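The values are calculated or read from the model by the stated rules, or taken from the named source; none is laboratory data. Please read these numbers as outputs of a predicted model, since none were measured by experiment. Ideal geometry is used to build each Cβ from the backbone, glycine not excepted, and the neighbour counts take in all protein chains shown. With ligands, DNA and RNA removed, areas are computed over all heavy atoms of the protein, side chains included. Shrake-Rupley method; radii C 1.70, N 1.55, O 1.52, S 1.80 Å.
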Amino acid sequence: MNLETPRTTELPKSYEPKSIEGKWYPFWELERFFVADARSTKPVFSIVIPPPNVTGSLHMGHMLVYTLHDIVVRWRRMQGFNTLWLPGTDHAGIGTQYVVERQLAAEGKSRQDLGREAFEKRVWEWKEQSGSTILKQLRLLGGSCDWTRERFTLDEGLSRAVREVFVRLYNEGLIYRGKRLINWCVRCRTALSDLEVKSDPVQGKLYSIRYPVKGSSEFITVATTRPETMLGDTAVAFNPRDQRYLSMRDKTLVLPLLHREIPLIEDEFVDPEFGTGLVKVTPAHDPNDFDMGMRHQLQMISVMDEDGRMTPEAGRFQGLERFECRREVVRELQTQGLLEKVEDHLHNVGHCDRCRTIIEPRISIQWFVKTKPLAEPAIAAVEDGRVRFVPENWAKTYFEWMRNIKDWCISRQLWWGHRIPAWYCDQCGEIIVAREAPQACSQCGSSSLTQETDVLDTWFSSGLWPFSSMGWPEATEDIKVFYPTSLLITAFDILFFWVARMIMLGMKFMGDVPFHIVYIHSLVRDAEGQKMSKSKGNVIDPLQVMEQYGTDAVRFTLAIMAAPGTDISLSHEKMLSHRAFANKIWNATRFVLMNQDHPTRRASAIVSISTLQQELVCRKSELSLVDRWILSRLANVIKETQISLESFRFHEATHCLYHFFWHELCDWYLEFLKPRILDSTGLENHQLSFRVLHFVFDQALKLLHPFMPFITEELWQRLPHEGVSLAIAPFPVSREEFIDPGAEKGVATLEDVIVKIRNVRAEMNIEPSRKIDVNLASSDPAIVPILEDGSIHIRNLARCAQVNIMNSLKNLEHSARRVALGVEIEIPLVGLIDFEAERAKLEKEIARAEKEILQIQQKLSNPNFLSGAPESVVQSNRERLIVATDKFHKLRESLSRL
RNA sequence: GGGCGGUUAGCUCAGAUGGCUAGAGCGCAUGCUCGACACGCAUGAGGUCGCAGGUUCAAUUCCUGCACCGCCCACCA
């Protein structure tokens, strides 16, 4: 037990986040509170970070996902779990390479100028220089990661895991090398997976081209958006159900410009309704055509190279850039009278996800993962609930994709990444796939081997993250203890890229799911609901707003807005109001601190919290109504917080705590207590009340700590406390003994009575300093003792001189009457207000209202006004009339009561 | 073309398995230098819960259709 004597340090009147945020993180880290223990016997809670791009810096999306991580992790840690939050970064192959290439471009250089080795060195340097930025920022926001376990996807250990997986999948035939049509980015000069292609609408043209029929003067017409690809055509197709072309089925066509003979084929794929019902088939440059080419054993002619320039196959168009070639082809066709028509055509075109260049479907030799066999167990794992999605409708999206999964192109012609562990024998061409570089060819024994130059898709290594980060393929302690992880928190946009692949690879190599729950968080948008982007200039920088409003306020804002399934429209107003909440916490606690030093209250600080709680349970009968009430409310709030957190309803947990702290604890409980606290005579029961107060604040700060770690730690350390840090203090547990519906109902009645009296005071303009008498009556025998008990509070909070509790009201003239929850209220007004003056005031206002009504009515009955004035003006006058009439009636009512 | 989500106060949004006087923050109005807090306190105004049907004793909540907005996937050349 570590108890400190209360401090009397003067605290600033308003909360200054900067003055305290800096000191706690180093303390937590130094004390190793966040380090998980593989040998602990406590129940385990583990989570791995979605590794950010190593060269990235914190944006609001990160801030949200890390805040949610930290809330869950801190909560579980306080609950006594052996908690691991494993941090790290991703090498982000194409992304990082693109960034460094742009840097080089600014120096007027290309990666080819440097050469592979020098380029890789350059990227590593960049990584060393900027690689820890985002992790430093993660500390700033309070992320309670276990830094002793930090990993990087290109670490030696993780690279070993990558090679191990590659070799095993290859040996099982689940990785193969093949010549396929893939998505090619001519700028990045690499293959991409289907997921890395984003299709955007482009305003293009649809060209109708005539293909002459061999041995006749006839021709047929095909339509295309990409005339340059016709140079690679190896057939024209129609649907066999299409009667129009059946008679032509055996004809041969002559490809314009190149005069190559191509067949007319029949294929179900062709839609007879579109265009002429005839499709040119270019197997080497279109996915659908590729499939047709495979079905009909068509020749595949590549007319474009890896830079998007025309190959020798394109005849005299060789060397032209692809769009230049398009113009040339069109012009040539036109000259020859083969261009029938050109129409505007809006269609979707694939773009490189990274650099936005238009994708070129291209045939090349690449490495693929055969995904179907991996997908099956991964689908089953979600079907039978071993992996659960929150919100659960995401499972549908997951199934949809997984059930239609296509093979995954994993090779990239990049230099930054895991080099594929395959070697080619220069002698016999044998392919050797191995964990380490082989000495000699397994086939011919030649020692002249060349390693594959391609690297792997970044997501290949990310897909192993939950176990590679824990030391796999070694059978480490960490894997035994922390795998499968408890939870994954991530955004929906990497559901396929990452989540699906982790499930597939986890099932395959660990024989178990990588996590039990996938929580899909929402997108952070700006106040207008727009996506944040640099070009729109609506980006909110987390570091800047953390500075401006305090980290805790920003965290709290994100959490309270994180309703599952809806996007977050982040605004400065929201963060401002939660900064105010932090300030409220600060000042309420400051109030307690300012008053705890009185000798009669010291006693409350001498016991531990658990002892104090037990004492309050035992002495419940001695507690006052409001003490029993706040303890009951606290117990219910703990329960609600618990339930909300268990179901990832962060917005509910935060709402509940916000309301409890501000509107119950501060607005009512502290106000109820003030007279006692300020009374320094030191009566025994005051001391008990103070113990309740102390207990409630301890619990409230603990409840808030996962959301607002800095301010709560600071204040808790200043209060008498047990333990060295809130970070490892026990999370409150709801005690049934404190739940007291009677007290809750009683205080609700008191509050309502007080509100109704204030209501009258405000309406009648009774000066705040003027004390009034009230008569209260209730037919409910249970309420009478509550009123008697609470009359002191009614006097204090409604500023009453006398509170008379009676069987029935006196029915006084010149009084105001109200009904609260089961209580009738009567307030004598004689002597309180100057009836004459009050009446005169009201009559004057009534006259003014009448005049206004008359004026508007006159206007509205004037046909000239109605026809001449703009509709908006007429409408606003109608509205004004309604308002004025309403006001008039209210004033009349008040007058009649006087 | 298929799928998902949204439509509730002036604004931004909560309202899980149907029943509360439909809530919060900001904003607005009025009044408060009441010994924690003006980043505050008190009081108040403001809602046909997108539209049309249906189920039910009861629908903001469940079902069907429609309208508008946003997103994802697949794409017809």
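Shape call for region A:303-462 from the C-alpha gyration tensor, a ≥ b ≥ c root eigenvalues: rounded (a/c under 1.5), prolate (a/b greater than b/c) or oblate?
Oblate is the answer for region A:303-462, as a/c is 1.5 or above yet b/c matches or exceeds a/b.
Need the C-alpha centroid separation for region A:605-660 versus region A:301-368, integer Å.
69 Å
Net charge near A:ILE420: determine it from the other residues with C-beta under 10 Å of the C-beta of A:ILE420, scoring Lys and Arg +1 and Asp and Glu -1.
Here the charged neighbours net out to +2.
Taking a cut-off of 18 Å, what percent of all Cα-Cα pairs in region A:398-471 are separated by more than that?
Distances greater than 18 Å cover 56 percent of the Cα pairs.
Near A:ALA375, within a Cβ-to-Cβ distance under 11 Å, what is the net charge of the other residues, with Lys and Arg +1 and Asp and Glu -1?
+4
Need one value: the accessible area of A:PHE835 in square angstrom, 1.4 angstrom probe, rounded to the nearest 10.
30 Å²
Return a whole-number percent for the relative contact order of chain A, with Cα pairs under 8 Å and 6 or more residues apart as the contact set.
Once normalised by length, the contact order is 13 percent.
In the full protein assembly as shown, how much of A:VAL724 is accessible to a 1.4 Å probe, in Å² to the nearest 10?
A:VAL724 exposes around 70 Å² with every protein chain in place.
Taking 2.2 N^0.38 Å as the expected size of a compact globular protein, what ratio does the Cα radius of gyration of chain A give against it, to two decimals?
Its radius of gyration relative to the 2.2 N^0.38 Å reference: 1.29.
With every protein chain left in place, what is the accessible area per residue of region A:178-269 in square angstrom, probe 1.4 Å?
Here the residues of region A:178-269 average 43 Å² of exposed surface.
Would you compute, for the Cα atoms of region A:735-844, the largest minus smallest coordinate along each principal axis and list the three values in descending order, in whole Å?
For region A:735-844, the Cα extents along the three principal axes come out at 58, 27, 21 Å.
Expressed as a whole percentage, what fraction of the accessible surface of chain A belongs to carbon and sulfur atoms when a 1.4 Å probe is rolled over the protein heavy atoms?
Solvent-exposed carbon and sulfur of chain A make up 50 percent of the total.
Using the Cα gyration tensor of region A:26-180, with a ≥ b ≥ c the square roots of its eigenvalues, what is the shape: rounded (a/c below 1.5), prolate (a/b larger than b/c) or oblate (neither)?
Oblate, because a/c is 1.5 or more while a/b does not exceed b/c.
May I ask you to give the average projected area over all directions of the convex hull of the Cα atoms of region A:79-165, in nm² rounded to one decimal?
Across all orientations, region A:79-165 yields a mean hull projection of 8.0 nm².
Count the DSSP beta bridges whose two residues both fall in chain A, then state the antiparallel fraction as a percent rounded to the nearest 5.
So the antiparallel bridges in chain A amount to around 70 percent.
Once you order the gyration tensor axes a ≥ b ≥ c over the Cα atoms, which shape class does region A:314-366 get: rounded for a/c under 1.5, otherwise prolate or oblate by comparing a/b with b/c?
Oblate, because a/c is 1.5 or more while a/b does not exceed b/c.
Please calculate how many Å² of accessible area region A:415-536 carries per residue, with a 1.4 Å probe and no DNA, RNA or ligand atoms counted.
38 Å²
Could you sort the peptides A:455-466, A:481-492, A:784-795 by per-residue average Cβ neighbour count (10 Å cutoff), highest mean leading?
A:455-466, A:481-492, A:784-795
Could you calculate the contour length gain from A:GLU573 to A:TRP124, that is, 0.36 nm times the residue separation minus the distance between their Cα atoms, to one decimal place in nm?
Extra length available between A:GLU573 and A:TRP124 comes to 157.5 nm.
Once the convex hull of the alpha carbons of region A:123-279 is built, what does its volume come to per residue, in cubic angstrom?
247 Å³
Of all GluC sites (Glu not before Pro) in region A:214-313, which ones are in loop regions per DSSP and have a Cβ with at most 13 other Cβ atoms within 10 Å?
A:GLU218, A:GLU268, A:GLU273
How are the C-alpha pair distances of region A:475-514 spread across 10 Å bins, as whole percents from the shortest bin up?
Going out from 0 Å in 10 Å bins, region A:475-514 shows 28, 52, 19, 1 percent.
So, by mean Cβ neighbours within 10 angstrom, what's the order for A:505-513, A:561-569, A:693-701 with the highest one leading?
So the peptides A:505-513, A:561-569, A:693-701, ranked by packing, come out A:693-701, A:505-513, A:561-569.
For region A:409-435, list residues with backbone N below 11 Å from a point placed 7 Å from the Cα of A:SER447 toward its Cβ?
The answer is none.
Assuming R0 = 56 Å, what is the FRET efficiency of A:THR357 and A:SER40, from their Cβ-Cβ distance, to the nearest 0.05?
0.65
Kirkwood Rh over alpha-carbon pairs of region A:408-543, then Stokes-Einstein at 37 °C and 0.692 mPa s: what D in µm² s⁻¹, rounded to an integer?
The diffusion coefficient I find is 179 µm²/s.
Could you tell me how far the Cα centroid of region A:119-173 sits from the Cα centroid of region A:695-725, in Å?
A separation of 35 Å, based on Cα centres.
What number comes out for the charge environment of A:VAL165, summing +1 per Lys or Arg and -1 per Asp or Glu over other residues with Cβ under 12 Å away?
Cβ neighbours under 12 Å give a net charge of +4.
How big is region A:160-234 by the Kirkwood estimate over distinct Cα pairs, in Å?
Its Kirkwood hydrodynamic radius stands at 17.2 Å.
For a quick check of understanding: with a 1.4 angstrom probe and all protein chains in place, what accessible area in square angstrom does A:CYS355 have, to the nearest ten?
About 20 Å², ignoring ligands and nucleic acids.
Report the gain in length on full extension from A:ARG249 to A:GLU646: 0.36 nm times residue separation, minus Cα-Cα distance, nm rounded to one decimal.
136.3 nm
Take the residue pairs A:LYS584/A:LYS620; A:LYS574/A:LYS851; A:LYS480/A:LYS534; A:LYS702/A:LYS756; A:LYS584/A:LYS771 and return only those whose Cα atoms are more than 32 Å apart.
Those over the limit are A:LYS574/A:LYS851; A:LYS480/A:LYS534; A:LYS702/A:LYS756.
Stretch A:ALA437-A:LYS844 to full length: gain in nm at 0.36 nm per residue minus the Cα-Cα span?
136.6 nm
Order the peptides A:156-163, A:623-630, A:11-18 from the highest to the lowest mean number of other Cβ atoms within 10 Å of their residues.
By packing density, highest mean first, the sequence is A:623-630, A:156-163, A:11-18.
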